[in-house]
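K.L.:
Have a look at the structure that comes next, please.
Read-outs: derived from the displayed coordinates by stated rules, not from any lab. The structure presented is a predicted model; accordingly, all values stated were derived computationally and were not measured. Note: ideal-geometry Cβ built from the backbone for every residue, glycine included; neighbour counts use all protein chains shown.
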Amino acid sequence: MEQKTICLRDKIGEILCEFAQKDNRIYVIDSDLAKSTKTLDFEKVFPERFVETGIAETSAMSIAAGLASEGQIPFYVNFAIFVAGTAWTQLRQSAYANLNVKMIGTYSGMDNGKDGASHHANEDIALVRSIPNVKVLVPSNLKEMREAIKIAIEYNGPVYIRIARDNVPDVEFATKAQIGKANIVEDCGNDFSIIYEGTSASIAYKSFETLKEKGYKGKLVNIFSIKPLDIQLIKELSTNVKGILTIENHSVIGGLGGAIAEVLAQEKNHAPIRYIGVEDTFTESGSTTEVKEKYGLNVENIVSKTEELIKNRTLTNIKKENSILQSIRKLFK
């Protein structure tokens, strides 16, 4: 049965309006893309709390810093490439002062599709998570997105929320989203663990179902909070499964896979890890689906790499067992 999907980007303005009805400190700042990011909905309801800067991203981030300094809660909403890239210096300065600035980056990864490869944000996680004080949240469904915005409002400090433009499964998790916590979406066994960030949810679900149909039993894990990570859960997974595969709509350099590898590198023993994401290259412009498929975010590639992980780990275990048996035989000769 085909799973229903939803475009989270379409709900940004609506959800911000919900919270702004109750809190008059909430402002939205735009850089001439309110129609695309759907913050136009916020402008219609709260024009006095909507700031249009035009194509001046660095100034927009500076305005957000100014509003935060005056006790307001500013949300700078724009394409991820502009929030994390163009305004990076101003973002870093805001984080240096630990200002209460909130950022929503949409059209993340390759979600910008046909609008041009220069607008693909395949480096935003790496850019933002490297800055001290900034929390990085990536909701994978509508409930998580509402919770992420609520968390950002209640948390005193800079928060970056990465929101998908592409469709994601229209599901709800029973557990409440929290900073520093991940969610095991499905647990069928220990053959493998697929760990994904919110904007790659759709392909992660499809790949997991395909692996189940092929008889493999694994775990599907949603990383809502990339910074800080759920270190305890990652460590537990790494000691139980045969292999870990990370899926991200982002470069494999400095993103989700890199963040998890940083944790596992400090452990003496852990399952092998492989990454699905954009390799060290600039992506091309095209339809979102076709571009993602070309650069590795497709079911065939994910299933193939997962099977390779399981096979290699099984062979490694057999070799170890044979080595132990040989040592025992030598003792009795």
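K.L.:
Amide H neighbours of residue 225 under 5 Å, counting only residues 5+ apart in sequence or on other chains, H built in-plane at 1.01 Å?
P.N.:
So residue 225 has HN proximity to 138, 180, 181.
K.L.:
Ok, one more. How do 165-175, 15-25 rank on mean C-beta neighbours within 10 Å, highest first?
P.N.:
On the way: 165-175: 17.3, 15-25: 15.6.
Ranked by mean Cβ neighbours within 10 Å, highest first: 165-175, 15-25.
K.L.:
Using DSSP, restrict attention to beta bridges with both residues in the stretch 5-169 and report what percent are antiparallel, rounded to the nearest 5. Show your work: numbers first, answer last.
P.N.:
Details: 4 of 24 bridges.
Bridges in the stretch 5-169 are about 15 percent antiparallel.
K.L.:
Across the stretch 178-188, in residue order, what do the Karplus-derived ³J(HN,Hα) couplings come to in whole Hz, using 6.51 cos²θ - 1.76 cosθ + 1.60 with θ = phi - 60° and x for Gly and Pro?
P.N.:
For the stretch 178-188, the Karplus curve yields 9, 5, x, 10, 9, 9, 7, 6, 8, 10, 10 Hz.
K.L.:
Return the whole-Å distance between the Cα centroid of the stretch 113-132 and the Cα centroid of the stretch 262-316.
P.N.:
Answer, in whole Å: 19.
K.L.:
Restricting the count to DSSP beta bridges whose residues both fall in the chain, what percent are antiparallel, rounded to a multiple of 5? It would help to have the intermediate numbers written out before the result.
P.N.:
Numbers: 10 of 44 bridges.
Rounded to the nearest five, the antiparallel share is 25 percent.
K.L.:
Moving on to the next point. What list of ³J(HN,Hα) couplings, whole Hz, do you get for the stretch 54-70 from phi and the Karplus terms 6.51, -1.76, 1.60, once you set θ to phi - 60° and write x for glycine and proline?
P.N.:
Once θ is set to phi - 60°, the couplings for the stretch 54-70 become x, 7, 8, 4, 5, 5, 4, 5, 5, 5, 4, 4, x, 5, 5, 5, 8 Hz.
K.L.:
Name the most mobile residue of 230, 280, 115, meaning the one with the largest mean-square fluctuation, in a Gaussian network model of the chain with Cα contacts below 10 Å.
P.N.:
Maximum fluctuation in the GNM of the chain, among the listed residues, is at 280.
K.L.:
Related question: The stretch 5-169: Rg/Rh from Cα coordinates, Kirkwood Rh? Don't skip to the end; give the middle numbers.
P.N.:
On the way: Rg = 14.0 Å, Rh = 15.2 Å.
On the Cα set of the stretch 5-169, Rg over Rh gives 0.92.
K.L.:
Also, quick follow-up: If we sort 56-63, 38-45 on the protection proxy, mean other Cβ atoms within 10 Å, highest first, what's the order?
P.N.:
Top of the packing list down: 56-63, 38-45.
K.L.:
In nm, to one decimal, how far is the modelled label at residue 312 from the one at residue 285, with both set 7 Å along Cα→Cβ?
P.N.:
Here the answer is 3.7 nm between the modelled labels.
K.L.:
Checking the a/c ratio against 1.5 first, then a/b against b/c, what shape does the Cα gyration tensor give for the stretch 249-313? List each step's numbers first, then the result.
P.N.:
Working: a/c = 3.73, a/b = 1.56, b/c = 2.39.
Oblate, since a/c reaches 1.5 and b/c is not below a/b.
K.L.:
Length gain on complete extension for the stretch residue 299 to residue 155, per 0.36 nm per residue less the alpha carbon to alpha carbon distance? Before the final figure, lay out the partial values.
P.N.:
Working: separation 144, 0.36 × 144 = 51.84 nm, distance 3.70 nm.
The span from residue 299 to residue 155 would gain 48.1 nm if fully extended.
K.L.:
Run the numbers on the stretch 221-322 and let me know its relative contact order in percent, using alpha-carbon pairs under 8 Å that are six or more apart. Don't skip to the end; give the middle numbers.
P.N.:
On the way: 105 pairs, mean separation 29.3, N = 102.
Relative contact order, the stretch 221-322: 29 percent.
K.L.:
Hey, rough spin-label estimate for residue 25 and residue 176, points 7 angstrom out along Cα→Cβ, what's it come to in nanometres?
P.N.:
Each label point lies 7 Å from its Cα, and together they span 1.9 nm.
K.L.:
Structure shown: which of 44/135; 102/206; 135/294; 102/181; 38/114; 143/181 lie over 26 Å apart, alpha-carbon to alpha-carbon? Each step should come with its number before you reach the end.
P.N.:
On the way: 44/135 29 Å; 102/206 32 Å; 135/294 31 Å; 102/181 20 Å; 38/114 19 Å; 143/181 15 Å.
Beyond 26 Å: 44/135; 102/206; 135/294.
K.L.:
Which value, in nm² and rounded to one decimal, describes the direction-averaged projected area of the C-alpha convex hull of the chain? All intermediate terms of the calculation are to be shown ahead of the outcome.
P.N.:
Working: hull surface 73.1 nm².
Taking a quarter of the hull surface, the average projection is 18.3 nm².
K.L.:
Which loop trypsin sites (Lys or Arg not before Pro) in the stretch 201-308, with loop taken from DSSP, have no more than 16 other Cβ atoms within 10 angstrom of their Cβ? Display every interim value, and only then the final one.
P.N.:
Details: sites: 206, 212, 214, 217, 219, 235, 242, 268, 274, 292, 294, 305; in loops: 214, 217, 242, 268.
Those that pass, being in a loop and sparsely packed, are 214, 217, 268.
K.L.:
Moving on. Based solely on its DSSP helices, what 222 nm [θ] is calculated for the chain when runs of n ≥ 4 H residues each add -39,500 (n - 2.57) and the sum is averaged over all residues, nearest 500 deg cm²/dmol? Walk me through the intermediate numbers first.
P.N.:
Details: 12 runs with 134 residues, N = 333.
The per-residue figure over the chain is -12000 deg cm²/dmol.
K.L.:
Still on this structure: With a Förster radius of 25 Å, plug the Cβ-Cβ distance of residue 209 and residue 261 into 1/(1 + (r/R0)^6) and report the FRET value to the nearest 0.05. Before the final figure, lay out each step's value.
P.N.:
Values: r = 26 Å, r/R0 = 1.04.
With a Förster radius of 25 Å, E is 0.45.
K.L.:
Related question: If I take R0 = 51 Å and measure r between the Cβ atoms of residue 69 and residue 217 in this structure, what FRET efficiency does the formula 1/(1 + (r/R0)^6) give, to the nearest 0.05?
P.N.:
The calculated FRET efficiency here is 0.45.
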